Amino acid sequence: MKDYLKLIRVNQWVKNLFVFLPIFFSGNLLNIDLFIESFYGFLIFSFVASSIYIINDYVDIEKDKKHPEKKNRPLASGKIAKQNALILFVILVIVTSILIYFFGNKQVAILVGIYFFMNLAYSFKLKQIAILDVMIIAFGFLLRVFVGGYMTSLIVTDWTTLLVFDLALILALGKRRGELINADLQGITRKSLDGYNLNFLNSALAITCTVAVICYMMFILSPETQSKFHHYIIYTFVFVFAAVLRYLQQTFVFSKTESPTKLIFKDHFLQILIIMWGICYVLLIYFNHGK
């Protein structure tokens, strides 16, 4: 069972929490009906994403065998047979379709379909095309937010769209940078990294991080945000700026961003910043009665 959980990468399901962003920022997190609808969206995206992880590992079996860490993956190590992996893939696709049929809607079906086929293409070919690969990863995060919006009939604002895409792009570029450094250290050349070098990725990260900070500042200073929350929201900038600096430190100084998920789970400083930022928003959204 443990190997099958690794195969579907349950630890990566944390990414699907982006589905809850629409109800969180709309102040409806405590609305049970909307929360349940968002949870169904979370399950839908978790199962469809896990099906893609299986295909991705299936396609990369030979490459993963040569990687110091990925060689331990269930398919690369031979702990799970290829046939069993494909059967699980079909099961996950069927379960996803059932969930969409009973709990989703037409818009959700279209968005999940786009994610599924886009990432199939990514697994087989598109991940070898530099820039397009990280754009697809970032768009995948955006689709999660859109699914959360359509599951609950809540509007996803332009600011949310822009910030989520840029944040996901930062994580994807940091991951590519970590992969590039590890590939150079091991003397391994990978086609998926041919379109990148360290200088380009450093510059791209600097640009995207700058855009993220500027966009967040414009968001919290906008009249709409100020009136919806409270002018105190401007102080959340401290946590965002510190988190960006911390991520850049982990990227440039310690080269620990090949796996953004592991970084979030292991970096206590980053966890504290995220929690503090979240607490501020909870207070401003749900307990701010004196604006």
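Observations on the structure shown:
- Residue within segment 167-178 that is without any contact (Cβ under 8 Å) to a residue 24 or more places away in the chain and in a helix (DSSP H, G or I) present: no
- Selection within segment 109-120 - over 18 Å from the mean Cα position of the chain (by Cα) and among the β-branched types (Val, Ile, Thr): Ile110
Results for (1) among the aromatic types (Phe, Trp, Tyr); (2) at pLDDT 95 or above; (3) outside the structural domain of Met217 (by the TED database), shown as yes or no for each residue.
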| residue | (1), (2), (3) |
| --- | --- |
| Phe102 | yes, yes, yes |
| Val108 | no, yes, yes |
| Gly113 | no, yes, yes |
| Phe117 | yes, yes, yes |
| Ala121 | no, yes, yes |
| Lys125 | no, no, yes |
| Phe139 | yes, yes, yes |
| Gly148 | no, yes, yes |
| Leu171 | no, no, no |
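- Taking (1) surrounded by 15 or more Cβ atoms within 10 Å (Cβ to Cβ); (2) under 20 Å from the mean Cα position of the chain (by Cα) in turn, Ile131 satisfies each apart from (1).
- Residue that is farthest from Lys63 (Cα to Cα) [pool: residues in segment 186-222 that are of a type in the set (Ser, Thr, Tyr), within 20 Å of the chain's Cα centre (by Cα) and at pLDDT 90 or above]: Tyr216
- On inspection, Leu163 qualifies as among the aliphatic types (A, V, I, L, M), touching a helix residue (DSSP H, G or I) at 6+ places or on another chain (Cβ under 8 Å) and surrounded by 17 or more Cβ atoms within 10 Å (Cβ to Cβ).
- Residue within segment 240-254 that is closer than 21 Å to Thr157 by Cα and within 22 Å of the chain's Cα centre (by Cα) present: yes
- Of the residues making up segment 134-153, those that are farther than 16 Å from Tyr53 by Cβ, open to solvent by 40 Å² or more (accessible area, probe 1.4 Å) and either under 16 Å from the mean Cα position of the chain (by Cα) or of a type in the set (A, V, I, L, M) (or both) are Met135, Phe139, Phe146.
Residues are listed down the side, and each one gets a yes or a no for (1) over 18 Å from Ile285 (Cα atoms); (2) surrounded by fewer than 17 Cβ atoms within 10 Å (Cβ to Cβ); (3) out of contact with any Gly (no Cβ under 9 Å at 6 or more places or on another chain):
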site	(1), (2), (3)
Leu7	yes, no, yes
Phe18	no, no, no
Asp33	yes, yes, yes
Ser46	yes, no, yes
Ser51	yes, no, yes
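- Restricted to helices (runs of 4 or more DSSP H) entirely inside segment 38-146, those with at least 3 residues that are touching a Phe, Trp or Tyr at 6+ places or on another chain (Cβ under 8 Å) are 82-103, 106-124.
- Close pairs (7 angstrom Cβ cut-off, 6 or more residues apart or separate chains): under 17 Å from Ala138 (Cα atoms) and in the same structural domain as Leu171 (by the TED database) in segment 193-215, open to solvent by less than 20 Å² (accessible area, probe 1.4 Å) and acidic (Asp, Glu) anywhere: Thr208/Asp166; Val211/Asp166; Ala212/Asp166; Cys215/Asp166
- Per this entry, Phe219 is counted among residues that are in contact (Cβ under 8 Å) with a residue 60 or more places away in the chain and part of a helix (DSSP H, G or I).
The values are calculated or read from the model by the stated rules, or taken from the named source; none is laboratory data. Worth saying up front: this structure is predicted, and the values here are computed from it rather than measured. Neighbour counts run over all protein chains shown; Cβ positions are idealised from the backbone, glycine included. Areas reflect the complete protein model, heavy atoms only, side chains present, ligands, DNA and RNA absent. Shrake-Rupley method; radii C 1.70, N 1.55, O 1.52, S 1.80 Å.
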